[in-house]
Each structure stands twice: as structure tokens, then as C-alpha cells.
Amino acid sequence: MIYLNGFRDPLAAAALRARIADSASRLSAERGPVRLMEVCGSHTMAIARSGIKAMLPSNVELISGPGCPVCVTAPGYVDTAVEMARRGAAIVTFGDMVRVPGTSTTLAKERARGATVHVCYSPAEAIAHAQNEPDREHVFLAIGFETTAPAVTAVMHQAATHGIPNLSFLTAFKLVPPALQALMNDPDVALDAFLCPAHVSAIIGADAYRPFAAQGTPCVVAGFEPLDILDGVEAILRQMLDGRSFVENRYSRVVKDGGNARAQELMARYLRPIDASWRGLGTIPESGLGLRPEFSTIDAEVRFGLPQREGKPNPKCLCGDVLKGKIRPAQCPLFGTVCTPIQPMGPCMVSSEGSCAAEYRYAKGAA
């Protein structure tokens, strides 16, 4: 939805809040609290920054799901990257991954002990690092959802076709739809609807959520502006009042029903669905993307002979429960005490898109 006076028009916000309050009051006579899950880390941060939760009626709860790619990366993946660094490889990664805990260490700690870890802002920087040190192995940490995968796959294409023999990729891409299905199947996770991700939807398209709507779960794709989010919540409540569930694309200025066909084709050329381990959610069948066997020459696991390890999360950290929406960040006993953005105990406090980091920054101490 596009508003004539911009995406922070207070009059439009007031009108949306009034419609949300009306729908919520009518729903409250029929049922208990409404639990809506946003599954996008950028949504989580935008909701916290804009104070959206405080604008909603008491019987409408926004819950943060597994929408942060760094947060859902399993500790065993970090352990494998650490072992490659210890064997002399230069690790190239986005900044958030440097402090994500493995079983017993982080890449930041290994860098302090002498390992080479390059922080990049674009996956294309991995090529420059590899070319600058042609006699040294370089490993790019290829994590993220469907949003990130096409850009990384484009770099894979360059590495595979333009002769960059010292660059390989340690993949841990995650797919959003299988995770949503796992949440719907989990008896411990009670959800009424999904506020679907915006960036991911630009790649996979709004049609990707139709199976969930067919199971009775309203799905609304929304943008990141405050009015986008309020509009998405209002659309979900309207579906619930009408007793309907369908996919509603309220971010059509960016998201199309079929998504980005060229990005999908590029991913399909280099990547294939694989079972993947998610922090907090366990192993979900065909919820990840790994390199196809014909591209094994750029597969870091094959090159180093190091399959990704199992790993063990810190048992005191409840990041897994936060990612499933079972608890809010402030309900973890470590939150804001021994676990802070300066000294994170879990990835939900590390990442700029993590729900713990968002709550600490914008609503510290909220119960």
C-alpha cells in the first residue's frame, strides 16, 4: 500500500490503529489472544524501532520468528568454519557471523589468536581477497535466506567459470517455507497467522505461501515502513474476522506473485535442496540449499574434507526458544545481564536483525 503523505503519516497510522482496535475487539468476543508471527529479521527490528507492539490492542500479540539468518545458523557450522581457519584458510564473511558462538569459540576469538577473517559488505569481495592472495585458500561463509542466495550464487558463478581456484564456499542457506511448515506442525508453537517476509518474498514470490493459507493460516506480505506493518496486521485481522485464510500481498510495489524468475533460475543452476540444521528448530527436511555435486570444486566441505559438524549450543542460552516464538527475549534469564550486544551469549543478541538485540535496544527489560 502506498500513502500519499508518506509511510509515517500520523493520520494514516491513527486510522489503521482504529481499524485494528475495532477488529481486535470483535475478535475478542469469539476467541482468546491473537498471535501473529513476523518471520523477517528486518521486520523484527522495524517493529521494535517504531514501537509497533505498543500500538496494538492487548489481545493482539506480534511474535518474532526465525527470520534472522545469522540467528538460525547452527553452532556446528561455526565449528566447521573455525576448523578451516585453523587449517590456514582465510575466512571471508559478513560481519555478524564473526561473533556468532560455535560450540566453544567464535571466529572473533580465533582471529584474536591469529586466524585470518575478512569482514565484507558484499560477497563479491571474496573474489578480490582470493585474487590478492592466490597461494592461500579462501572460504566464503555462504549463509542467509532466499534473499542473500542469488547474490552469493552470482559470485559462485564467477568463481566456477573464471578460474579462481583458491575460493570455495561453505554453504548454510536456509529456505523460509519449510521453516514455516515446521512451526505450524509444532504443537508447542501456537500461531494464528504469518506476517510474511518482504525481502525473501521479492525472490520467491507471494505464491510461495499459498500452501499455508490452504491449511487455514492467513498470510500477509508486508513492507518495512511503520504503516506497511500496521496495514499488514489490519489485513490479517480482517481475514480472521471474515473466517478466511488466503495470501494477501500488501507489498506489491516490490513483491510479485511469482517472485524473481532470474534469481530463482540462477539459484537452481548451482544449488539444490538439502536437509538443514536450524538453531532452535532442529533438522528440517529440504529446508536448506547446498551446492550441486557438479560444482564440488568450489564446495569447501569437499575441498577440506570437512562435513559440517553437529555442534552444541550453550544450554543456558534460550535463543532457540526465542526463535520458535515460545518466549520473548526478556524472558531468558541471561537477557540484559550476562548477555548483551557487547558480550552476546547467543546469536539472537549478536545480529543486528536478532530479536534479542532488537528488544535490548528498543525495549530493554520488557516482560
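The values are calculated or read from the model by the stated rules, or taken from the named source; none is laboratory data. Note that the structure is predicted; figures quoted are calculated from it, not measured. A quick note on method: Cβ atoms are made from the backbone with ideal geometry, for glycine too, and the neighbour counts reach across all protein chains shown. Areas reflect the complete protein model, heavy atoms only, side chains present, ligands, DNA and RNA absent. Shrake-Rupley method; radii C 1.70, N 1.55, O 1.52, S 1.80 Å.
Brief remarks follow.
- Going through (1) open to solvent by 50 Å² or more (accessible area, probe 1.4 Å); (2) in contact with a Cys (Cβ under 7 Å, 6 or more places away or on another chain) one by one, Tyr209 falls short only on (1).
- Complete set of residues in region 292-335 that are among the β-branched types (Val, Ile, Thr), closer than 20 Å to Val189 by Cα and open to solvent by less than 30 Å² (accessible area, probe 1.4 Å): Val322
- Counting only residues that are on the phi > 0 side of the Ramachandran plot and open to solvent by less than 40 Å² (accessible area, probe 1.4 Å), region 131-167 holds 1 of them.
- Considering region 76-97, and only residues there that are open to solvent by 10 Å² or more (accessible area, probe 1.4 Å) and within 25 Å of Leu318 (Cβ to Cβ), the residue that is nearest to the chain's Cα centre (by Cα) turns out to be Asp96.
- Residue satisfying all of: in region 24-48; open to solvent by less than 10 Å² (accessible area, probe 1.4 Å) and under 16 Å from Gly243 (Cα atoms); modelled with the highest pLDDT among these: Leu36
- Considering residues of region 331-366 that are among the aliphatic types (A, V, I, L, M) and under 16 Å from Ile47 (Cα atoms) only, the residue farthest from the chain's Cα centre (by Cα): Ala366
- Hits in region 253-291 (condition: open to solvent by 70 Å² or more (accessible area, probe 1.4 Å), out of contact with any Asp or Glu (no Cβ under 6 Å at 6 or more places or on another chain) and at pLDDT 95 or above): Lys256, Arg262, Glu265, Arg269, Arg272, Asp275, Glu286
- Flag if Glu301 is part of a strand (DSSP E or B), within 30 Å of Ala154 (Cα to Cα), at pLDDT 95 or above and touching a helix residue (DSSP H, G or I) at 6+ places or on another chain (Cβ under 8 Å): no
- Scanning region 309-323 for residues that are part of a helix (DSSP H, G or I) and either closer than 10 Å to Arg279 by Cα or free of Cβ contacts under 8 Å to residues at least 40 places away in the same chain (or both) yields Cys319, Gly320, Asp321, Leu323.
- Of note, Glu353 satisfies the criterion of being part of a loop (DSSP other than H, G, I, E, B), closer than 30 Å to Gly205 by Cα and either out of contact with any helix residue (DSSP H, G or I) (no Cβ under 7 Å at 6 or more places or on another chain) or not β-branched (Val, Ile, Thr) (or both).
- All helices (runs of 4 or more DSSP H) inside region 1-116 with 2 or more residues being under 20 Å from Ser277 (Cβ atoms) and among the hydrophobic types (A, V, I, L, M, F, W, C): 75-86
- Residues within region 184-230 that are in contact (Cβ under 8 Å) with a residue 40 or more places away in the chain and of a type in the set (Phe, Trp, Tyr), tallied: 2
- Test set (1) in contact with an Asp or Glu (Cβ under 6 Å, 6 or more places away or on another chain); (2) open to solvent by 40 Å² or more (accessible area, probe 1.4 Å) - Ser351 fails condition number: (2)
- If you go through region 119-130 and keep only what is within 14 Å of Phe169 (Cα to Cα) and in contact with a helix residue (DSSP H, G or I) (Cβ under 7 Å, 6 or more places away or on another chain), you end up with Pro123, Ala124, Ala126, Ile127.
- The set of residues from region 299-339 being over 26 Å from Ala48 (Cα atoms), touching a Leu at 6+ places or on another chain (Cβ under 7 Å) and hydrophobic (A, V, I, L, M, F, W, C) comprises just one member, Ala300.
- Taken together, Val200, Val220 contain a single residue that is more than 14 Å from Met37 (Cα to Cα), surrounded by 24 or more Cβ atoms within 10 Å (Cβ to Cβ) and in contact with an Asp or Glu (Cβ under 8 Å, 6 or more places away or on another chain), which is Val200.
- Gly51 being over 21 Å from Cys196 (Cβ atoms), open to solvent by less than 60 Å² (accessible area, probe 1.4 Å), modelled with pLDDT of 90 or more and under 27 Å from the mean Cα position of the chain (by Cα): yes
- Number of positions in region 117-130 that are outside any loop (DSSP other than H, G, I, E, B), closer than 24 Å to Pro69 by Cα, open to solvent by 10 Å² or more (accessible area, probe 1.4 Å) and among the hydrophobic types (A, V, I, L, M, F, W, C): 3
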